[in-house]
Amino acid sequence: MKKTVLITGGAGFIGSNFTGYLFKKYPDYRIIVLDCLTYAGGIDNFDPEMLRNKERFELVYGNICNNDLVDELVSNADIVVHFAAETHVTRSIYDNLIFFQTDTLGTQSVANAVSKHKKRIEKFIHISTSEVYGTANSDTMKEDEHPLLPMSPYAAAKAGADRLVYSYWATYDIPVVIVRPFNNYGSRQHLEKVIPRFITNCLLNEPITVHGDGSAQRDWVNVEDTCQAIDKIMSGDIEKLKGQVINIGTGKSISIKTIAEIIVEKMERPKSLITYTDDRPGQVFRHTADIEKARKLLGWQPKISFESGLEKTIDWYRNNQEWWETRLWMRKIPIINKDGKKIIH
């Protein structure tokens, strides 16, 4: 069945992977990407074949805070998948205004347009984040039980957006499904994120910097598994999914220190490359998803093991040096900790 899918933030990491996934799987779909092409997104994240296919793919350069533009694009869509956001925890600590403008007010712009055109819109899939939970207060984090305790300006802005779209479902009955992905990794992820930063540092034979003692744990899910989960939502029964919040993760967590050790071993680098610095303000110390709802509602569970997914990711960065060399300047970000001391991310 022919559909038009609007993907906001589709030039970013998860967004571009999902856009490519849809383009390959659904030849009848028309895909419109709205992106303001900040440092975290780029045209080089798209397959050239997709860029050449004007009938099936359209890239619109613009900001989701532009209400008129968003309204026009939403009015022509059947499904809206909303990725667009500022996403870097560390950067939100010293430059927080843009996070609330984009993540919260930008989401309001999209939600307002969906509300206005809800007779046309089949599904509005809002991509939230596990960061809204803060540090886990239980073995796994369950969508309807774990409190939202955001610990950084980024997490707070996303928590605001998460609850905003939920309130629009409760008030205006918009067909929204809220997705909370845990830590994604894979190809085309910006070097400000920990796994590509560690990999590219190894490729350059430069030190790997770990915050604190490296004991902070995350649930690492491969971006390909995340794309499949979102696809399941797109094809699911909206009457069962509307208003639901769904975690996307693995149910397992791995520490940052362990990640660093695995990467240096796989890349045949000495453990002496691993160095330690002060802990980051607003650090989340453990994240582990409860994915039972995803299993029950979507029939989804992750298929890619961390070891195989990491090996594939390392190979991608090895083979795409030209892509990541242009982004090297973003690997190190100076921030000020609680004691007023400058540390490097």
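Tabulated data for the structure shown
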quantity: Number of positions in segment 204-247 that are charged (D, E, K, R) and within 24 Å of Leu191 (Cα to Cα); calculated: 6
quantity: Unmet criterion (only one of (1) closer than 20 Å to Glu72 by Cβ; (2) touching a Pro at 6+ places or on another chain (Cβ under 7 Å)) for Phe99; calculated: (1)
quantity: Filter pass, Ala77 being over 15 Å from the mean Cα position of the chain (by Cα), of a type in the set (A, V, I, L, M), assigned to a helix (DSSP H, G or I) and more than 29 Å from His287 (Cβ to Cβ); calculated: no
quantity: Positions within segment 271-304 being part of a helix (DSSP H, G or I) and either of a type in the set (S, T, N, Q) or assigned by TED's automatic domain parsing to the domain that holds Lys142 (or both), in sequence order; calculated: Ser272
quantity: Unique residue being within 30 Å of Ile121 (Cα to Cα), more than 18 Å from the chain's Cα centre (by Cα) and either part of a loop (DSSP other than H, G, I, E, B) or not basic (Lys, Arg) (or both) when the list is Glu268, Glu311, Glu307, Glu239; calculated: Glu239
quantity: Some residue of segment 275-286 being closer than 22 Å to Lys303 by Cα and in contact (Cβ under 8 Å) with a residue 12 or more places away in the chain; calculated: no
quantity: Considering residues of segment 212-236 that are among the β-branched types (Val, Ile, Thr) and assigned to a helix (DSSP H, G or I) only, the residue farthest from the chain's Cα centre (by Cα); calculated: Ile233
quantity: Members of segment 107-155 that are without any contact (Cβ under 8 Å) to a residue 24 or more places away in the chain and either farther than 26 Å from Ala216 by Cβ or not in a loop (DSSP other than H, G, I, E, B) (or both); calculated: Lys119
quantity: Subset of segment 282-303 [surrounded by 19 or more Cβ atoms within 10 Å (Cβ to Cβ) and of a type in the set (A, V, I, L, M, F, W, C)]; calculated: Val284, Ala289, Ile291, Ala294, Leu298, Trp300
quantity: Residue, nearest to Phe83 (Cα to Cα), within segment 141-167, restricted to residues that are among the hydroxyl-bearing types (Ser, Thr, Tyr) and surrounded by 20 or more Cβ atoms within 10 Å (Cβ to Cβ); calculated: Tyr154
quantity: First in segment 295-318 and farther than 18 Å from Pro181 by Cα, second anywhere and buried (at least 19 other Cβ atoms within 10 Å of the Cβ) and not hydrophobic (A, V, I, L, M, F, W, C), Cβ under 7 Å, 6 or more apart; calculated: Thr313/Tyr185; Thr313/Gly186; Thr313/Ser187; Trp316/Ser187; Tyr317/Pro196; Tyr317/Thr200
quantity: Criterion (surrounded by fewer than 21 Cβ atoms within 10 Å (Cβ to Cβ), among the β-branched types (Val, Ile, Thr) and either assigned to a loop (DSSP other than H, G, I, E, B) or modelled with pLDDT under 95 (or both)) met by exactly one of Thr209, Thr258, Thr250; calculated: Thr209
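Results for (1) part of a helix (DSSP H, G or I); (2) surrounded by fewer than 21 Cβ atoms within 10 Å (Cβ to Cβ), shown as yes or no for each residue.
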| position | (1), (2) |
| --- | --- |
| Thr19 | yes, no |
| Asp28 | no, yes |
| Leu34 | no, no |
| Asp44 | yes, yes |
| Glu49 | yes, yes |
| Ile64 | no, no |
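The values are calculated or read from the model by the stated rules, or taken from the named source; none is laboratory data. Model, not experiment: these values are computed from the prediction. Please note: Cβ atoms are built from the backbone with ideal geometry, for glycine as well, and neighbour counts cover all protein chains shown.
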